[in-house]
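Derivation of every value follows stated rules applied to the coordinates shown; laboratory data play no part. Predicted model only: the values in this text are computed from it and were never measured. Here Cβ is always computed from backbone atoms with ideal geometry, including for glycine, and neighbour counts include all displayed protein chains.
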Amino acid sequence: MSTTTADRLKFIWPPVLIALLFLGSWQLLVVVREIEPFLLPAPSLIAENFFGDLAIMWQTAYYTGTTAFLGLVFGTIAGLVMALLAQRFVVVNNLVTPLAAGLAAVPIIALTPILNNMFSITSRTPRVLVTAIIVFFPMLVNVTRGLIQVQPVQLELMRSMNAQPRTVLRVLRIPNAIPFFFTGMKVAAPLAVIAALVAEYFGGPQQGLGSRIASSAANTAYGRAWAYVVAAIITGLVFYLIVLAIERWTTPWTGRTRSA
Amino acid sequence: MTTTTTQHAVSATGVWKIFNEGQPNEVTALQDVNLTVDSGEFISLIGPSGCGKSTLLRVIADLTDATKGEVKVAGHTPHEAREQQLYGMAFQQAALFDWRTVRRNVELPLELQGWDKSKRKARAMELLEMVQLADFAEHRPWELSGGMQQRVAIARSLAVDPTILLMDEPFGALDEMTRERMQNELLRIRQETGKSIIFVTHSIPEAVYLSDRVVVMSPRPGRITDIVPVPLGDARDEDTREADEFFDAVTAVREALRGHVGGAGARAKVGEV
Amino acid sequence: MKNGGVSVLWALAGVGLVVLMWELVKWLGNFIPLPFNTSDMTMPHVWTMVAAMGEPEVRGSENTVLDAVISAAFRSLTLAVGGFIIGVAVGLLLAVIMQRFLFAERGLLPFVIASQTVPLIALAPLIVGIGNRIEIGPVKWTTTYSVMFIAAYLAFFPLSVGALRGLQAPTPTSLELMRSYAATPGQTTRKLRFPSSIPYMVPALKVSAAASVVGTVVAEISTGVRGGIGRLLIEYARQITSQPAKVYVAVFGAIALGLLVAALVTALDVYLTRNLPKEKNA
């Protein structure tokens, strides 16, 4: 079912309108009330700082983005492996599921100083590791669910075709789990960016977004600090949108009502 | 083992199925079931909820095992029959895989048997032609209506060309008009292929229209109470639905279903049917 | 409750396993070159960590490290709870508005979603900066409020989306029923939509609670605000070369905080869904 351009437009104009109203009133407020930049910089000032130093913005975002990406990859791989084990061995599932639920509220980022000490604080490793750990849990939970939650009638069908467990995994469980994988990724990808960013507050190399925001704020260069924030927002959005694009491209069947 | 020239398609002898044996919630789903299905025969299993019709089908399909008794499918044990893919099965839900095209759904059993790509494709298209869905081969399951999805499921069940088809209320989720069309389809496929079919249903007219014999079952404990022959011949069509013989057979089945409850006094209970 | 007992045993077993692995890795590090440092300075023995709990926090102080960590964790907990309550209230309000007015849903939902895919936590130091200069009458905005604001911000989204889905959950048939009774939108919302939304709200509440806690600690870390466990983590991390075990105690405090909140929310979950049919898992 393809949507016409007119259909798409009615979903696009309300948020665009609100965005313009928001930015417009922000700019107006700053100008009319003569608000100092250290309180609230005008969108125009932020834009100036952002576009004025685009190369640095890109480098900084690239640095944090790379950390996030590496952590995302390792955490996802670990999550997938553990999910396969949890599906295959009930014991693993029973151990791991309550653990994942229990650790949901734990600020895993708190591990950063310990990792900084165990591995060299000057390397990227501690940050990538803590990001990977943070990404591991949502990926594990979602992919395990996808591997396990197949319809009973589908399992009966497989049995009637004399399919062995390995075949059932390959032909039924894994394809079934793919939408769940993307649900997890849509949470994990932005989370990886946040983790990579916050991990920078514990010391170490200072060329990332987190460090720069803090140092700009400390030096009262607020326009610049906000510009880095915009760069961080864009980075997070890019990660999310890439996942979304890959999802749409590889699984055209998600979002449809399931066939009987 | 005696060799017979024409062996039964399916034979069940003294079959019992008891769930939770020895526990307080013990249920006798099947009690001493004896049934033979001849080669090329179409029989229906009909009865109220809990009469064991689906359980019996699953025992035959080796999806569950019998507590006692012997079942033979094309001369083999159910387990062997399943391993050798001697039967095809269709369920109430089509259970097509959303991530495969219609054609690849039909190819699934062939893939599992290790057929090579071009042979699979040819066979799948052949089957889709048979159910008149060849034009939809590259579509996705959700793009098809419920009736069409069931036709694909039936095509899939025929993929390995089994001699026996086991069907568990495959038309149960469809509306009446689609249902009748599907029944005609099934009869036509059977004419063309000569397969034996065991068909579970809730609907008396459906059972009568399709079958050579209707096996009437009743619950608590699940058992066969009657087998009603349906002498409507091999050439059935829409006119058959309005023939006197059809109504007679329907009445016979209906009375057989009521019969187990024991007379007119228990009429209220017939609501179970 | 029996189930809870078994879970606790498993949890203790898990902790025991981790302790065992830690010491094992340290021991192995003596023979095999590992990619990380396993010396006593970088990876203190578990008993050293436990001992550190009893040591005075600052030389000459009566406060032990454990005291400091517990009070800091408690402080963070209060901020998280405050943020959670505000976030839930705002999230609910937003959900009701978005359900009631299609324009609101279409206009706001993309931003609600976008707000969580972007690391707005990056704004934390700036929010503190702005906040510290705001005075509403006699009330001065302290950094504490900024942290609570950030926690609320992270909590409102899961709840907003969950509540919206829940409010939109009633079947067309149920809605037609209410319409046949000439029910006002308000009545329909109160008597049909809210009760139907509980199965959706409960998992959302869990996620929101987790987000409040993590948000609070992360905000404390990125703003360096005093009093909470985040600040302690940073401080003890700075002392890691002289007193390596202290930071571990702080980490344990943060973990305990998270586990406590997860347990509380699970209890809330059980209470709210006590009358609903239990889910069956395949």
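Across chain A, C-alpha contacts under 8 Å between residues 6 or more apart give a mean separation that, scaled by the residue count, equals a relative contact order of 25 percent. Would you mind checking which residues have amide H under 5 Å from C:Trp141's amide H? H placed 1.01 Å from N; only 5 or more apart, or other chain. Hits under the 5 Å cutoff: C:Ile134, C:Ile136.
Out of every Cα-Cα pair that region A:165-223 contains, those further apart than 20 angstrom amount to 53 percent.
Against the longest alpha carbon principal axis of chain A, how many degrees, from 0 to 90 and to the nearest 10, is the axis of helix A:54-88 turned? It is inclined by approximately 20 degrees.
For the pair B:Lys68 and B:Lys119, the difference between a 0.36 nm per residue extended length and the Cα-Cα distance amounts to 14.2 nm. Taking the C-alpha atoms only, the angle from helix B:176-193 to the longest principal axis of chain B is near 70 degrees.
Each residue of region A:218-234 was assigned a 3J(HN,Hα) from its phi angle through the Karplus expression (A = 6.51, B = -1.76, C = 1.60, θ = phi - 60°), giving 5, 8, 6, 8, 5, x, 5, 4, 4, 4, 5, 4, 4, 4, 5, 4, 4 Hz with x at Gly and Pro.
Shown is the FRET efficiency for B:Met177 and C:Ile130, computed with R0 = 56 Å from the Cβ-Cβ distance and rounded to the nearest 0.05: 0.25. Average projection, convex hull of the Cα set of chain B: 16.5 square nanometres. In this simple spin-label model, placing a label point 7 Å from the Cα along the Cα-to-Cβ direction at both A:Glu34 and A:Arg166 gives a separation of 7.9 nm. At an R0 of 25 angstrom, the distance between the Cβ atoms of C:Trp22 and C:Asp269 translates into a FRET efficiency of 0.20. Here the ratio of the Cα radius of gyration of region A:1-65 to 2.2 N^0.38 Å is 1.61. Take the Kirkwood radius over Cα pairs of the protein assembly as shown, plug it into Stokes-Einstein at 37 °C and 0.692 mPa s, and you get 105 µm²/s for translational diffusion. Span-like helix check, chain C: qualifying full DSSP H segments, with Cα axial length of 20 Å or more and mean Kyte-Doolittle of 0.0 or more, are C:2-28, C:65-100, C:102-117, C:143-167, C:194-223, C:244-272. Around the amide H of B:Ser39, modelled in the peptide plane, lie the amide H atoms of B:Ala9, all under 5 Å away and 5 or more residues distant in sequence or on another chain. Annotation: amide H of C:Thr64 within the under-5 Å range of C:Glu57, sequence separation 5 or more or interchain, hydrogens built in the peptide plane.
Counting other Cβ atoms within 10 Å as a rough exposure proxy, the listed residues C:Val251, B:Val27, B:Val37 run B:Val27, B:Val37, C:Val251 from fewest neighbours to most.
Spread over its residues, the convex hull of the C-alpha atoms of region A:66-122 is 101 Å³ per residue. Each label was represented as a point 7 Å from its Cα along the Cα-to-Cβ direction; for A:Trp58 and B:Glu80 these points are 7.2 nm apart.
For region B:131-273, the spread of Cα positions along the three principal axes, ordered from largest to smallest, is 56, 30, 28 Å.
Here the protein assembly as shown carries DSSP beta bridges of which approximately 55% are antiparallel, counting only pairs with both residues inside.
One quarter of the surface of the convex hull around the alpha-carbon atoms of chain C equals 21.6 nm², the direction-averaged projected area.
Listed values for region B:138-155 are Karplus-derived 3J(HN,Hα) couplings in whole Hz (6.51 cos²θ - 1.76 cosθ + 1.60, θ = phi - 60°), namely 9, 7, 9, x, 5, 7, 9, 6, x, x, 5, 4, 5, 4, 5, 4, 5, 4, and x replaces Gly and Pro. Ranking B:Ala153, B:Ile46, B:Phe199 by how far each Cα lies toward the positive end of the dipole of chain B (charges on Cβ) leaves B:Ala153 at the top.
So what is the calculated 222 nm ellipticity per residue for chain B, using -39500 (n - 2.57) for each DSSP H run with n of 4 or more, over all residues, to the nearest 500 deg cm²/dmol? Working shown, then result.
Details: 8 runs with 92 residues, N = 273.
The helix contribution divided over chain B gives -10500 deg cm²/dmol.
Mean separation of Cα pairs under 8 Å and 6 or more residues apart, divided by the residue count, gives region C:107-219 a relative contact order of 35 percent. Please give the average number of partner chain Cβ atoms lying within 10 Å of the Cβ of each residue in B:92-101, rounded to a whole number. What the average comes to for B:92-101 is 6.
3J(HN,Hα) along region B:47-63: x, x, 4, x, 7, x, 4, 5, 4, 4, 4, 5, 5, 4, 7, 6, 8 Hz, from the Karplus curve 6.51 cos²θ - 1.76 cosθ + 1.60 with θ = phi - 60°, whole Hz, x for Gly and Pro. In chain B the longest region clear of GluC sites (Glu not before Pro) that are loop-assigned by DSSP and have at most 14 other C-beta atoms within 10 Å covers B:139-273. Cα-based radius of gyration for region C:126-226, normalised by 2.2 N^0.38 Å, reads 1.52. Projecting the Cα positions of C:Ser180, C:Pro170, C:Gly107 onto the charge dipole of region C:44-272 (unit charges on Cβ atoms of Lys, Arg, Asp and Glu, taken about the Cα centre) puts C:Ser180 furthest along the positive direction.
Rg/Rh for region C:1-43 (Cα atoms only, Rh after Kirkwood) is 1.25.
Distance between the 7 Å Cα→Cβ label points at B:Gln132 and C:Thr64: 8.4 nm.
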